[in-house]
Number of protein chains: 2
Amino acid sequence: MDARALLRDKAARTEAAMRAYADAWNAPEPLGDAVRYSLFAGGKRLRPALALGACEIVCGDDAPAMPAACALEMIHTYSLIHDDLPAMDDDALRRGQPTCHVKFGEATAILAGDALLTMAFDALADTGSMEAVREVARAAGIAGMVGGQQMDLSAEGKALGIDGLQAIHRAKTGALIRCAVRVGAMLGGATPEALAALTAYGEHIGLAFQIADDVLDVAGDEAAIGKPVGSDAKSDKSTYPALLGLDRSRELAQETVDAALEALSAFGPEADAFRALARYIVEREH
Amino acid sequence: MDARALLRDKAARTEAAMRAYADAWNAPEPLGDAVRYSLFAGGKRLRPALALGACEIVCGDDAPAMPAACALEMIHTYSLIHDDLPAMDDDALRRGQPTCHVKFGEATAILAGDALLTMAFDALADTGSMEAVREVARAAGIAGMVGGQQMDLSAEGKALGIDGLQAIHRAKTGALIRCAVRVGAMLGGATPEALAALTAYGEHIGLAFQIADDVLDVAGDEAAIGKPVGSDAKSDKSTYPALLGLDRSRELAQETVDAALEALSAFGPEADAFRALARYIVEREH
């Protein structure tokens, strides 16, 4: 099972579904342009792949999770637009292209983020599952992703321990990744046991993803990730390599992936795609 | 029926319910402080009053609409926080107090808005109605409130006709006011006829409210509304008095209130509170 092929397939289908949503939005310009610019700027589409993959594991079909997959990517995209703003991380480039506020101005970028977050819940309504609406609202909300961004901002320039760093990541990026797996599983009709196992998988790969990102930021090739290498270190942010060293960080990423694989032990070949995805997270180069 | 007493009663109960939501949010600081600062800064709580009132008209009880009433006020509050940002209207005062970004900084204000918008959908999930989730997402979204804010920004410094002005207001403020009435009615189990009548009421008072606001901005007393009189005119925004003159604007507000009252003609005394509210909109002084 090739993780890249899996991601490519789920990404292509998610993008087609998101295109259908965006085409129906009737947005005033330049807001519609700004939203499409950021939503269709590429990216791994990891959260959709997790939602669709989890649904497929439990019911053999990923279609019930497609509206949620689109919603999760809209929410991820809004968070990138707002995080890049001058008042936040002040990033001019994202995946090698001008960020939304550089291209469309700050006001429209704020509104593009607001619009994507709002329309994500319109898409979620298409799941017909109030459980999905609630799960996503909490994961993206004040004790989840948004709270994690605040914790990250508050921690800048402060010496963090490994526990503090993990608490930030658990909220800022972990909550939505975990949620993607859970919502996909729920929409596939997962048993409580399958939901618990997939939730554990989601928690482990969320953490592994962040450690691997930090390692890539230090060790990666600037061109491959599209932003200056070491940019997190320069802005005084705590990272795994800064706290644990590069070798121990790589080890921890591998241990976390092993724990993710262990969480899938009750599943058969239907979970092979998720096994490949977990391995891919620490093996990828961008 | 006293509209002020009605607003006061619904506002007090909505604030108690919002307090219970906020107490359960487990927000990192200063994000929790920022959210509470803006959410409990007063205000008429017009949208909750409309949602609760519509529900009460159709079923004699406003309790089924309370989660939606809270959600609508969270969304209204988020929109004020983001509209006040330096990149948007750049307002330092709101209801006579420092705006959220002046008090907590721009980054936390952006996140406070994001958090309120997200948690509104968690509250909406408590209605158990996917129709309510969808209705609010669309009214607040890219073809509704957020789109209206973009239209308003794009129109700054341009000469607008009355149709252009109304199109902006219909999206920017009208959509959420109309939605408040509709969602309340839906949650009360309105018949299609009652829903259509209340929708028309909501559209008319949304428009009347905006005309009256523009009139107050020209004619009102600075202390009473808490922002400099004429601030819209100064920033080159089109207003009803600028386009139609003050007298014709007052007349149009009254005609629009009359249309709102006409929309209620099939209801009996159970709609007296809404009749009083419509009259209050043009009679209020702040």
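Things worth noting here:
- Criterion applied to A:Glu156, A:Glu193 was being more than 15 Å from the chain's Cα centre (by Cα), under 24 Å from B:Ala87 (Cα atoms), open to solvent by 10 Å² or more (accessible area, probe 1.4 Å) and more than 7 Å from chain B (Cβ to nearest Cβ), and the one residue passing it is A:Glu156.
- Filter result for B:Thr77 (within 12 Å of chain A (Cβ to nearest Cβ) and β-branched (Val, Ile, Thr)): no
- Among residues of segment A:133-153, those that are more than 7 Å from chain B (Cβ to nearest Cβ) and at pLDDT below 95, counted: 1
- Criterion applied to A:Gln166, A:Gln149 was being buried (at least 24 other Cβ atoms within 10 Å of the Cβ), in a helix (DSSP H, G or I) and among the polar types (S, T, N, Q), and the one residue passing it is A:Gln149.
The rows are residues; the columns are (1) touching a residue at least 60 places away in the same chain (Cβ under 8 Å); (2) over 23 Å from B:Arg13 (Cα atoms); (3) not aliphatic (A, V, I, L, M).
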site: B:Gly53; (1), (2), (3): yes, no, yes
site: B:Cys59; (1), (2), (3): yes, no, yes
site: B:Ala63; (1), (2), (3): no, no, no
site: B:Glu73; (1), (2), (3): no, no, yes
site: B:Thr77; (1), (2), (3): no, no, yes
site: B:Pro86; (1), (2), (3): no, yes, yes
site: B:Leu93; (1), (2), (3): yes, yes, no
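- Residue in segment B:80-132 that is least open to solvent (accessible area, probe 1.4 Å), counting only those that are at the interface with chain A (Cβ under 9 Å from one of its Cβ atoms), aliphatic (A, V, I, L, M) and not in a helix (DSSP H, G or I): B:Leu85
- Scanning segment B:133-146 for residues that are open to solvent by 40 Å² or more (accessible area, probe 1.4 Å) and part of a loop (DSSP other than H, G, I, E, B) yields one hit, B:Ala143.
- Close Cβ contacts (under 8 Å, 6 or more residues apart or on different chains) running from residues in segment A:21-38 that are touching a residue at least 60 places away in the same chain (Cβ under 8 Å) to residues that are assigned to a loop (DSSP other than H, G, I, E, B) and open to solvent by 30 Å² or more (accessible area, probe 1.4 Å) comprise A:Trp25/B:Ala143; A:Ala27/B:Ala143.
- Within segment A:22-45, being aromatic (Phe, Trp, Tyr) and at the interface with chain B (Cβ under 10 Å from one of its Cβ atoms) holds for one residue alone: A:Trp25.
The values are calculated or read from the model by the stated rules, or taken from the named source; none is laboratory data. Remember, it's a predicted structure, so these values are computed and weren't measured experimentally. Glycine gets a Cβ as well: all are built from the backbone with ideal geometry, and neighbour counts include every protein chain shown. Just the protein is used for accessible areas: all its heavy atoms, side chains included, with ligands, DNA and RNA removed. Shrake-Rupley method; radii C 1.70, N 1.55, O 1.52, S 1.80 Å.
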